[in-house]
Amino acid sequence: MSTRTGRPPKISRPEIVAAALRVIEEDGTGALTMRRLAREVGSTAMALYHHVRDKEELLLLLLDDYAAGIPHPALPDEPRERMVAAAMAMHDAVSGCPWAVDILKADDLMSVGALWYPEQIVDAAVRAGLTIEEAVDAYRIIWRYTAGEIGGRAAARRRREEGGPTYRERVFAELDAKEFPRLSTVARRWEDLTARDTYAKGVRALVNGLLP
């Protein structure tokens, strides 16, 4: 592919977005630079600016492209259950795209295609009796819990894939039963117990605590 300057006729925005996704999936969002992306598509960084304004716009395109491919589930009418179901749908959507958590944590980058989730959660919260300001607070609390849960599980999975005992496993193997009587009874099962998926239980507890 040609590397001359100017507008390269063989490079399209979809190709650039696809190359950016490959970089992120292989090395994370921090590795995505316009220079790296130019190498991936066989062009120059200057040529890329004919298609995308900057890295921020590129990340938004990635988010929009991902969000457009996710079907929205039918939600129950009852506000409390609607909030839980919308949060579960948001969790499932982002879990399939761990790199999105790193982008969305910044809050400055928000995909319009992903706004369906906060819209449903805020609307359900208002129907349940919260003011619009309180409903936004409720969504933010749920989102932070969701992002933290996904990020934590992803990090734990990477540690397990690396093999060998983790620092936590070594600590629990040596617990003093007199100092930690409760924890010592489950020390050998701690890894299995904490690996269980408790998101649904946690988000329901949050919703019950946030609503009147």
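The values are calculated or read from the model by the stated rules, or taken from the named source; none is laboratory data. Treat the numbers as computed from the prediction; the structure is a model and nothing was measured. As a convention, Cβ positions derive from the backbone with ideal geometry for all residues, glycine included, and neighbour counts pool all protein chains shown. We work out accessible area using only protein heavy atoms, side chains counted, and drop any ligands, DNA or RNA first. Shrake-Rupley method; radii C 1.70, N 1.55, O 1.52, S 1.80 Å.
Within the range 26-59, the set of residues being aliphatic (A, V, I, L, M), touching an Asp or Glu at 6+ places or on another chain (Cβ under 8 Å) and in contact (Cβ under 8 Å) with a residue 40 or more places away in the chain comprises VAL41 only.
Screening ILE16 on (1) buried (at least 17 other Cβ atoms within 10 Å of the Cβ); (2) at pLDDT below 85 shows it passes everything except condition (2). Is it the case that the range 169-176 has a residue that's acidic (Asp, Glu) and assigned to a helix (DSSP H, G or I)? Yes: one or more hits. Figure legend. Inter-residue proximity from the range 191-206: first residues under 12 Å from ALA156 (Cα atoms), second residues open to solvent by 60 Å² or more (accessible area, probe 1.4 Å) and not in a loop (DSSP other than H, G, I, E, B), beta-carbon distance below 7 Å, spacing 6+ or different chains. Indicated pairs: GLU191/GLU169. Of the residues making up the range 129-140, those that are in a loop (DSSP other than H, G, I, E, B) and surrounded by fewer than 16 Cβ atoms within 10 Å (Cβ to Cβ) are GLY129, THR131.
Among the residues of the range 177-212, what is the count of those that are in a helix (DSSP H, G or I) and either of a type in the set (A, V, I, L, M, F, W, C) or over 24 Å from the mean Cα position of the chain (by Cα) (or both)?
Looking only at that region, the number is 16.
Report, by residue number, each residue of the range 177-212 that is of a type in the set (Gly, Ala, Ser) and more than 16 Å from MET88 (Cβ to Cβ). The answer is ALA177, SER184, ALA187, ALA195, GLY209.
If the condition is being modelled with pLDDT of 90 or more and open to solvent by 60 Å² or more (accessible area, probe 1.4 Å), then the range 97-123 contributes only GLU119. Taken over the range 23-42, the criterion of being modelled with pLDDT of 85 or more and either surrounded by 12 or more Cβ atoms within 10 Å (Cβ to Cβ) or touching a Cys at 6+ places or on another chain (Cβ under 8 Å) (or both) is satisfied by VAL23, ILE24, LEU32, THR33, MET34, ARG36, LEU37, ALA38, ARG39, GLU40, VAL41, GLY42. Helices (runs of 4 or more DSSP H) fully within the range 10-68 that include at least 3 residues being under 19 Å from SER95 (Cα atoms): 13-27, 55-68. Go through (1) of a type in the set (Val, Ile, Thr); (2) without any contact (Cβ under 8 Å) to a residue 12 or more places away in the chain; (3) open to solvent by less than 30 Å² (accessible area, probe 1.4 Å) one by one and return the number of the condition VAL126 breaks. Failing condition for VAL126: (3). Filtering the range 69-96 down to residues that are in contact (Cβ under 8 Å) with a residue 40 or more places away in the chain and part of a loop (DSSP other than H, G, I, E, B), which residue is most open to solvent (accessible area, probe 1.4 Å)? Only one residue fits best here, namely HIS72.
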